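The values are calculated or read from the model by the stated rules, or taken from the named source; none is laboratory data. Bear in mind the structure is a predicted one, so any value in this text is a computation, not a measurement. All Cβ positions, glycine included, derive from the backbone under ideal geometry; neighbour counts span all protein chains shown.
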Amino acid sequence: MMNKFSAATVAFAATMMTASVAQATIFQTDYHAAGVWQNYDSTNEAFTFKYTDDGSNDGFWLVISDGENPKYNENEYAILYGDRNANRITAYAYDGQNNANSFRTSDFLGTFENAFTSAGERDGLPLTMFSIDVAEINAAFDNPEWDGVQTGAEGGIWFHKSEGSNFSYGTDGSILNYAFSNQMFLDEANTPAGSINNSPNCSVSTNFRCTPTQFASAGSSGGSTSGGGSVPAPGGLALILMGLAGMGFRRKG
């Protein structure tokens with residue numbers, strides 16, 4: 001059975017502000033030059049992500065950590081697949097491989113519907129964001145190495161945006177195939193929370209804000225998968241959204 005739930009909305013988050021202010025611990029990471037910002041509320045286990053997007057980057061895969069580069073670390077983190085056309089994020093356990101194929105080999109953790117919203121613009125580029133509660137993803141496995149979707153005093157990220165993205169799904173919501181024409185990446189470790197990283201390790205288009213380089217080659221991943229997992233429950237997101245708003249306007253250039 002598909003684990004299906006709706007992404008949290010700004011309206012809902014606002015109602016949680018009073019309850020969240022006293023106890024929330026927010027870890028904010030700003031990959032400014034890459035056009036990527038993220039917040040993690042460790043008390044409510046809520047994750048918010050914002051990135052520049054002119055509409056051509058219609059898919060992605062994303063893994064985050066509390067410091068190390070999450071790439072190559074098997075069964076420690078969740079991988080989030082973003083499908084802009086379906087307005088959906090699908091979560092799996094990350095298999096540790098340097099590709100987008102975790103959905104073929106690892107456990108299916110659930111689906112966030114109606115995930116994406118516009119976040120205005122930054123330095124003339126449109127911004128897209130999502131806010132999701134990851135508490136039950138973080139508790140999906142009884143494994144001391146499992147972190148799911150968490151960051152902390154330092155953050156690590158492995159983020160690929162894709163163009164020409166084409167997802168197909170099984171009846172349980174799992175991904176059957178993910179194909180794309182172009183991809184670009186942001187690949188970082190040990191970025192201190194609260195800092196501004198203006199020299200991230202990325203190979204991207206001008207839409208990603210780093211020095212333009214050639215796109216990586218196209219990709220296609222096929223197969224079927226099944227899995228279980230837990231469905232995240234709602235949490236307070238107001239502080240996160242306020243923090244992202246502040247990040248969006250505190251610096252230009």
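Once region 180-214 is narrowed to residues that are modelled with pLDDT under 70 and not in a loop (DSSP other than H, G, I, E, B), the residue that is nearest to Lys50 (Cα to Cα) is Phe208. The number of residues in region 49-58 being out of contact with any Leu (no Cβ under 6 Å at 6 or more places or on another chain), part of a strand (DSSP E or B) and over 15 Å from Trp158 (Cβ atoms) comes to 2.
Wholly within region 108-172, which strands (runs of 3 or more DSSP E) include no fewer than the required count, namely at least 2 residues that are under 13 Å from Asp83 (Cα atoms) and of a type outside the set (A, V, I, L, M, F, W, C)?
Working: elements: 108-113, 117-122, 125-133, 154-163, 166-169.
The strands (runs of 3 or more DSSP E) meeting that bar are 108-113, 154-163, 166-169.
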